[in-house]
Amino acid sequence: MVEMEKQVLTPVNENKSQKATNFKWRNIFRGDNRALWTILALIIILLADRMVSPTFFTVRMINGRLTGSLINTLDGAAPIILLSIGMTLVIATKGVDLSVGAVMAICAAVSAVLINRHEAGSDNILYYPGFVIAIAILVGALCGLWNGILVALFDIQPIIATLILMVAGRGIAQMITDGQSPTYTDETLAFMGQGTIFGMPFPVYVAIIALVVVYLLVRRTALGLLIESVGINAKASHYTGVNATVIKLFVYIISGICAAIAGLIVAGENTYADPHTAGMWSELDAIVAVVIGGTLLSGGRFSLVLSAMGALIIQSLRIGLYISDLHPNANLVVKAIVILLVLLLQSKEFKQAVGRLFKPVLKLRPVFK
Amino acid sequence: MKLVKFCLLLALMVTFVGAVNVKAQDGGEGLTIGFSQIGSESAWRTSFTDAVKAEAEARGINLLFSDAQQQQENQIAAMRAWIAQGDVDAIILAPVVESGWDDVLQEAQDAGIPVVIVDRNVDSDPSLYVTRVSSDFVHEGRLAAAWLVQATSGQCNIVELQGTVGSAAANDRMAGFNEVIALFPGMQIIASETGDFVRAQGKQVMESFLSSEDPANICAVWAHNDDMAIGAIEAIKEAGLVPGQDILVVSVDAIPDIFDSLDAGEANATVELSPFMGGPAFDAVVATLNGEELPKWIPVAGKLYTNRADYDADHQ
């Protein structure tokens, strides 16, 4: 166990010290500095948004609520960030969770149906807002547990195992709401999506808190390391005594909980749970966010913060498309091209090729040495 | 001579068809009709199914209902079963996709079973089916625009929330709306984006419009469906404006939720997307069994409503 930690840790440390001591501009085209390129991509997209709409960075306070495109971006990115947190851990174990969108729909449906009973005058304590939120999150955790059992215990390939709930989940959500799309008026649940603290939308706080909590959980303990080791080589980590089954169950449960909270936020935004459309395609947003954040789909090293950056990139791109004069027909193509460019920015091979292309120029300019 | 022969033949055919099918009653009582429905993917679809079932019961029609669960194969299988058993007088088909219906429609025609298409279109040759009963999306767009023109005296900067890109509902509603506002130079669409017919996305897009445009410059939001309009209303409220007053809200569908907003003064008008296509479809079946010629498209036009009371009065 201890030996393995050393093995995994050593190269990382070397890399860090190298970066810190002899940083070279040239290395940008060679080395593996995902963080820099992800942040750069985000800045470029935000600046592009600013070019599209001069008021993009303008933030005004209206009725105690901050408004502006930048705030909209953060607010809209919150559910994607939440999903990407769980997705990062799952992908780090060489898995994938396709069911998060459907789990969002299930948990939104659960919360709406339960709170409707409270609003109808039921005195049952389980229908009080606090309990409704807790139950919805518990349901999310159970959905995650289900995925985890299929993947970890029955060894079903993650993409298929979670596809089951992805497909069935919307049906379950429809059964929960009886085919309807219930609305509610409860202020506590509405606060999940619409509330503000110091003018900042509540979902933004939720996303930040979730990020910090999960970060501390995996990085201040050996958990993160164990997750990575399971993703890199499940067999080897098994022989070193890592219980891959528990680790996998854990990451899918976290993913389910994150999806549940995202579902509560999306439902709260409109005080309405639509089993047909809630969280539709958001599993793809989350996966793209994780990939932009540099975590490999083949598992292993992961970064929660960079995945969150990835989510911000996706949302600022989406908001940019909303405010542009571009015809909606072009949205998907532009989105695809921009994401491709972001991924190319991060591709070591691509950068090396570009680096070779500019090599003669770099030689002439000592600044770059 | 040829003309006389042709006329004779035509007369013979008409008498023949009429003679065979004299059994059809005015409302279709006693008929057995197969209804292949797409599924139950939206609240509107469910109410459409319910409306058809209720209409059949009221008319004394024996309705064989088949839920295809979004699969064309299921629809074709159900139709083939009905054709093979020969116990249906007609088939009503709500197709899930446009293409791939030629064979089964031909089989139905060979078996002498008329097929009426409802809701979405098919790309088969119109001779293979009796008629198509569907909403007139263009009309809905025109009606919404006409209301807005009148409410604003033809002076209005509009933001548009489009439906799913490429869908017939989005394309045709947009075309109808634009057709009418083009007559008024003061009516302009200053921003337009797709909200995919989804409430959450309608809200997000409207938030973006309110941030990128000067909110005081936006006179109305035109949403291709009620869900997006309701999302937009939330966004307008969060931006500190009064929906229905500062920014007018007009949309299409007439789902139950929009009437809460209409009665609260937060939305202004909605055009009904009628789920009541059963009646015209059954009428078409009866007419064709009686040998009448029908146009190939029977549009079902919804009315525009500004409050719940009017709607309820029309749907008792």
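At 20 °C and a viscosity of 1.002 mPa s, what translational diffusion coefficient does Stokes-Einstein give for the range A:307-361, taking Rh as the Kirkwood radius over Cα pairs? Give it in µm²/s as a whole number.
166 µm²/s
Need one value for A:181-187: mean number of C-beta atoms belonging to other chains within 10 Å of its residues' C-beta atoms.
2
Could you tell me how many degrees, from 0 to 90 and to the nearest 10, lie between the Cα long axis of helix B:137-151 and the main elongation axis, the longest principal axis, of the Cα atoms of chain B?
Value to nearest ten degrees: 30.
So how do B:138, B:249, A:90, B:198 line up by other beta-carbon neighbours within 10 Å, fewest first?
On the way: B:138 19, B:249 26, A:90 34, B:198 23.
Listed from fewest to most nearby Cβ atoms, that is B:138, B:198, B:249, A:90.
For the range B:137-272, what are Rg and Dmax over the alpha carbons, in angstrom?
12.9, 35
Tell me the angle of helix B:278-289 to the major Cα principal axis of chain B, expressed in degrees between 0 and 90 and rounded to the nearest ten.
Relative to chain B, helix B:278-289 is tipped by roughly 30 degrees.
Here is the link list: A:248/A:351; A:94/A:335; A:94/A:351. Which ones come out longer than 29 Å on Cα distance?
Checking Cα-Cα distances, A:248/A:351 exceed 29 Å.
Is any helix in chain A, taking whole DSSP H runs, at least 30 angstrom long along its axis by alpha carbon and on average at least 1.0 on the Kyte-Doolittle scale, and which ones?
A:69-92, A:244-270
Among A:139, A:52, A:251, which one shows the highest mean-square fluctuation when chain A is modelled as a Gaussian network with alpha-carbon springs under 10 Å?
A:52
Using alpha carbons only, how many degrees (0 to 90, rounded to 10) separate the axis of helix B:43-59 from the longest principal axis of chain B?
Between the helix axis and the principal axis of chain B, the angle is about 40 degrees.
Just to check, using Stokes-Einstein with a Kirkwood Rh over alpha carbon pairs, what's the diffusion coefficient of the protein assembly as shown at 10 °C and 1.306 mPa s in µm²/s?
My calculation gives 57 µm²/s for D.
Given the options B:272, B:193, B:140, which has the most mean-square fluctuation in a GNM of chain B, springs set between C-alpha atoms less than 10 angstrom apart?
Result: B:193 has the largest fluctuation of those listed.
Jot down the per residue volume, in cubic angstrom and as a whole number, of the convex hull over the alpha-carbon atoms of the range A:116-189.
Each residue corresponds to 104 Å³ of Cα convex hull volume.
With each label point set 7 Å from Cα along the Cα-Cβ vector, what nm distance links residue A:36 and residue A:216?
The two pseudo-label positions are separated by 3.2 nm.
When chain A is treated as a GNM, springs tying every alpha-carbon pair under 10 Å, which of A:82, A:304, A:42 comes out with the largest mean-square fluctuation?
Comparing A:82, A:304, A:42 in a Gaussian network model of chain A, the most mobile one is A:42.
Pairs of lysines 8 or more apart, or on different chains, with alpha carbons under 30 Å: count those in chain B, would you?
Qualifying lysine pairs in chain B: 10.
Could you run the Karplus curve 6.51 cos²θ - 1.76 cosθ + 1.60 with θ = phi - 60° over the range B:303-316 and give me ³J(HN,Hα) per residue in whole Hz, x for Gly and Pro?
Result, ordered by residue: 9, 9, 10, 10, 7, 6, 4, 4, 5, 4, 4, 7, 10, 8 Hz.
Cα atoms only, the range A:241-350: Rg and Dmax in Å?
16.6, 57
May I ask you to sort A:143, A:258 by Cβ crowding, counting other Cβ atoms within 10 Å and putting the fewest first? Intermediate results must be reported in sequence, preceding the final value.
On the way: A:143 29, A:258 32.
By the 10 Å Cβ count, ascending: A:143, A:258.
Kindly identify chain A as rounded, prolate or oblate by the Cα gyration tensor criterion: order the square roots of the eigenvalues as a ≥ b ≥ c, call it rounded if a/c is under 1.5, otherwise compare a/b with b/c, prolate if a/b is larger, else oblate.
It comes out oblate by the Cα gyration axes.
Could you check what % of the DSSP bridge pairs in the protein assembly as shown are antiparallel, to the nearest 5?
Approximately 15 percent, going by the DSSP bridge assignments.
Per DSSP H run of at least 4 residues, take -39500 (n - 2.57); add these up for chain A, divide by its residues and hand me the 222 nm value, nearest 500 deg cm²/dmol. Write down the numbers at each step before the final one.
Values: 16 runs with 255 residues, N = 369.
Value at 222 nm, helices only: -23000 deg cm²/dmol.
Coordinate-derived values only; no laboratory data. Quick caveat: nothing in here was measured; it's all calculated off a predicted structure. Methodologically, a virtual Cβ is constructed for each residue, glycine included, from the backbone with ideal geometry; neighbour enumeration extends over all protein chains shown.
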